[in-house]
Amino acid sequence: MPEPSPSPGGSGGGGGGGVIKKLLIGAGLVAVVLTGAGIATVLLCTTGNCDILGYSTGKAPADTAANDDNSPSSAAPAALPTTSPAGGGPTFNPSLFLNPTAAPTTGPTETATSTPSSLPTSFPTFTPTDPPSPPPSPPPTPNPTKPPTPNPTREPTPRPTPNPTPPPTSLLLNGESGAIVTYDCRFQDYGYAIDIYWSCGDERFGNALRLHTFKRHSQSHRLIFADQKITFRNGILWYEEYSTRRCISIGGNGELYLRSSASNCDQFVLDGSSTSFQIRRVANGDCMVTTSCNDDESTGGSECGGLDHRFLPLEMGSCNNALKFRFQTRAEDCTNGRDEYPENACF
């Protein structure tokens with residue numbers, strides 16, 4: 001098949017045909033018609049009408065009339081009017097721009113790109129106006145920060161100082177003084193009294209107390225030996241016949257010792273009657289006991305014509321085994337032997 005010959009007025013020749021460039025802008029169609037004479041006509045076509053926006057040279061449109069063969073196409077609708085520039089010039093059928101299929105095939109049709117450089121210099125420019133910026137939002141009102149409610153500092157609860165339970169206000173035998181003697185254990189016809197180790201100026205105050213046979217003598221005053229005389233006052237058991245008075249305290253092993261300060265001594269209660277009572281420690285409820293009445297030993301001394309002095313251990317223990325005591329306010333006479341006259345240092 002032979003190749004088709006070029007259309008007259010194409011872009012390769014200088015004939016009278018024009019090149020139509022179309023550019024869609026908004027709802028209309030802008031067409032640029034390039035004629036052989038170098039004149040570009042810019043049209044703006046909307047529905048049914050085309051308006052000439054301008055020319056790219058100073059030549060009148062009439063100069064190009066003879067060279068323009070873009071006559072109205074027989075396919076254009078008759079109802080659409082044609083538009084001709086003033087002073088005579090080529091006549092343009094709007095259908096060529098509104099209906100691309102009706103455009104003549106004698107000239108190539110190109111669709112312009114959106115590159116701004118393809119538009120003629122006389123094409124009006126439009127500068128878009130930015131919408132006004134909204135007024136700045138006022139800064140948010142800060143929420144006033146509520147200061148934290150201070151936690152009241154709790155004062156530490158003072159730890160109570162462990163004090164022994166105070167004795168009752170009406171103590172049995174409170175203020176009584178004498179030898180505290182038990183007859184639960186006996187040596188011959190002797191009972192046993194709470195006693196300091198040694199006597200008559202040779203006392204060993206640092207030694208544990210013990211039970212010793214209740215001492216006798218032949219002095220007419222019948223005083224209680226100083227190492228066996230105890231005063232019960234306000235719950236404390238005192239030895240008061242010495243220049244330094246001393247009171248009874250319970251050691252860790254349950255034995256009884258002497259202290260010179262009342263703050264270091266124990267409180268006691270005498271449970272029972274004035275003639276028979278248990279000696280109970282207030283701090284823990286223990287009572288005075290001995291190991292066994294058969295555990296008696298000789299002290300190495302004697303009285304009233306050679307009668308042995310005997311002793312038993314004394315300690316705190318269960319009140320189920322408590323010894324029963326009584327106060328003796330006068331010493332007994334040596335009626336069972338030779339008279340005994342101890343020196344004044346013994347009282």
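The values are calculated or read from the model by the stated rules, or taken from the named source; none is laboratory data. The model shown is predicted, which means the values in this text are computed figures rather than measured ones. In this analysis, Cβ positions are derived from the backbone assuming ideal geometry, glycine residues included, and neighbour counts consider all displayed protein chains. Ligands, DNA and RNA are excluded from the accessible area calculation, which covers all protein heavy atoms including side chains. Shrake-Rupley method; radii C 1.70, N 1.55, O 1.52, S 1.80 Å.
Counting only residues that are among the charged types (D, E, K, R) and in contact with an Asp or Glu (Cβ under 7 Å, 6 or more places away or on another chain), which one in the range 290-316 is least open to solvent (accessible area, probe 1.4 Å)? Write out each step before concluding.
Pass one, the range 290-316, residues among the charged types (D, E, K, R): 295-297, 303, 308, 310, 315.
From the residues that got through so far, the ones that are in contact with an Asp or Glu (Cβ under 7 Å, 6 or more places away or on another chain) too are 303, 310, 315.
Working: Glu303: 9, Arg310: 45, Glu315: 60 Å².
That would be Glu303.
When you scan the range 258-266, do you find a residue that is touching a strand residue (DSSP E or B) at 6+ places or on another chain (Cβ under 7 Å), open to solvent by 10 Å² or more (accessible area, probe 1.4 Å), touching a residue at least 60 places away in the same chain (Cβ under 8 Å) and within 18 Å of Gly285 (Cβ to Cβ), even just one?
Residues of the range 258-266 that are touching a strand residue (DSSP E or B) at 6+ places or on another chain (Cβ under 7 Å), as a first pass: 258-260, 262, 264-266.
So of that shortlist, the ones also open to solvent by 10 Å² or more (accessible area, probe 1.4 Å) come out as 258-260, 262, 264-266.
Still in the list and also touching a residue at least 60 places away in the same chain (Cβ under 8 Å): 258, 266.
Still in the list and also within 18 Å of Gly285 (Cβ to Cβ): 266.
Within the range 258-266, one or more residues are touching a strand residue (DSSP E or B) at 6+ places or on another chain (Cβ under 7 Å), open to solvent by 10 Å² or more (accessible area, probe 1.4 Å), touching a residue at least 60 places away in the same chain (Cβ under 8 Å) and within 18 Å of Gly285 (Cβ to Cβ).
Right, Ile236: at pLDDT 95 or above, buried (at least 19 other Cβ atoms within 10 Å of the Cβ) and touching a Phe, Trp or Tyr at 6+ places or on another chain (Cβ under 9 Å) or not?
Answer is no for this residue.
Taking the range 274-285 on its own, how many of its residues are open to solvent by less than 50 Å² (accessible area, probe 1.4 Å) and either of a type in the set (S, T, N, Q) or over 18 Å from Lys229 (Cα atoms) (or both)?
Kept after step one, since they are open to solvent by less than 50 Å² (accessible area, probe 1.4 Å), are these residues of the range 274-285: 276-279, 281-282, 285.
Next, only the ones that are either of a type in the set (S, T, N, Q) or over 18 Å from Lys229 (Cα atoms) (or both) stay: 276, 278, 281-282, 285.
So the count comes out to 5.
Return the only residue of Cys185, Cys200 being under 14 Å from Phe347 (Cβ atoms) and of a type in the set (A, V, I, L, M, F, W, C).
Values: Cys185 fails: under 14 Å from Phe347 (Cβ atoms).
Unique residue meeting the criteria: Cys200.
Per-residue answers, yes or no, for (1) of a type in the set (A, V, I, L, M); (2) touching a Cys at 6+ places or on another chain (Cβ under 7 Å):
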site: Ala208; (1), (2): yes, no
site: Ser220; (1), (2): no, no
site: Ala226; (1), (2): yes, yes
site: Trp238; (1), (2): no, yes
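Looking at the range 317-339 only, could you name the residues that are open to solvent by 50 Å² or more (accessible area, probe 1.4 Å) and either touching a residue at least 24 places away in the same chain (Cβ under 8 Å) or assigned to a strand (DSSP E or B) (or both)? Break it down stepwise before answering.
Within the range 317-339, the subset open to solvent by 50 Å² or more (accessible area, probe 1.4 Å) is 318, 320-321, 324, 326, 329-330, 332, 335-336, 338-339.
Ser318, Asn321, Lys324, Arg326, Thr329, Arg330, Glu332, Asn336, Arg338, Asp339 - these are the residues of the range 317-339 that are open to solvent by 50 Å² or more (accessible area, probe 1.4 Å) and either touching a residue at least 24 places away in the same chain (Cβ under 8 Å) or assigned to a strand (DSSP E or B) (or both).
Determine, yes or no, whether Ala179 is in contact with a strand residue (DSSP E or B) (Cβ under 9 Å, 6 or more places away or on another chain), touching a residue at least 24 places away in the same chain (Cβ under 8 Å) and open to solvent by less than 10 Å² (accessible area, probe 1.4 Å). Don't jump to the end; show me each part of the working.
On the way: in contact with a strand residue (DSSP E or B) (Cβ under 9 Å, 6 or more places away or on another chain): yes; touching a residue at least 24 places away in the same chain (Cβ under 8 Å): yes; open to solvent by less than 10 Å² (accessible area, probe 1.4 Å): yes.
Answer is yes for this residue.
Condition check: out of contact with any Pro (no Cβ under 6 Å at 6 or more places or on another chain), more than 20 Å from Ala322 (Cβ to Cβ) and open to solvent by 10 Å² or more (accessible area, probe 1.4 Å). Does Cys247 satisfy that? Even if it seems obvious, please write down each step before you answer.
Numbers: out of contact with any Pro (no Cβ under 6 Å at 6 or more places or on another chain): yes; more than 20 Å from Ala322 (Cβ to Cβ): yes; open to solvent by 10 Å² or more (accessible area, probe 1.4 Å): no.
In short, no.
Does Tyr192 count as in contact (Cβ under 8 Å) with a residue 12 or more places away in the chain, open to solvent by less than 10 Å² (accessible area, probe 1.4 Å) and either aromatic (Phe, Trp, Tyr) or part of a loop (DSSP other than H, G, I, E, B) (or both)? Steps first, answer last, please.
Details: in contact (Cβ under 8 Å) with a residue 12 or more places away in the chain: yes; open to solvent by less than 10 Å² (accessible area, probe 1.4 Å): yes; either aromatic (Phe, Trp, Tyr) or part of a loop (DSSP other than H, G, I, E, B) (or both): yes.
Spelling it out, Tyr192 is indeed in contact (Cβ under 8 Å) with a residue 12 or more places away in the chain, open to solvent by less than 10 Å² (accessible area, probe 1.4 Å) and either aromatic (Phe, Trp, Tyr) or part of a loop (DSSP other than H, G, I, E, B) (or both).
Please name all residue pairs, on different chains or six or more residues apart, with Cβ atoms under 9 Å, provided the first residue is in the range 243-254 and is more than 13 Å from Asn207 (Cα to Cα) and of a type in the set (Ser, Thr, Tyr) and the second residue is open to solvent by 20 Å² or more (accessible area, probe 1.4 Å) and not in a strand (DSSP E or B).
Thr244/Phe205; Thr244/Ser260
Exactly one of these conditions fails for Tyr197: (1) in contact with a helix residue (DSSP H, G or I) (Cβ under 9 Å, 6 or more places away or on another chain); (2) open to solvent by less than 60 Å² (accessible area, probe 1.4 Å). Give me its number.
Result: Tyr197 fails condition (2) only.
Does any residue in the range 273-300 that is of a type in the set (Asp, Glu) come within less than 8 Å, Cβ to Cβ, of a residue that is part of a loop (DSSP other than H, G, I, E, B) and surrounded by 12 or more Cβ atoms within 10 Å (Cβ to Cβ) six or more places away or on a different chain, and which pairs are these?
Asp286/Gly254
Can you give me the number of residues within the range 207-230 that are part of a loop (DSSP other than H, G, I, E, B), open to solvent by less than 30 Å² (accessible area, probe 1.4 Å) and among the polar types (S, T, N, Q)?
1
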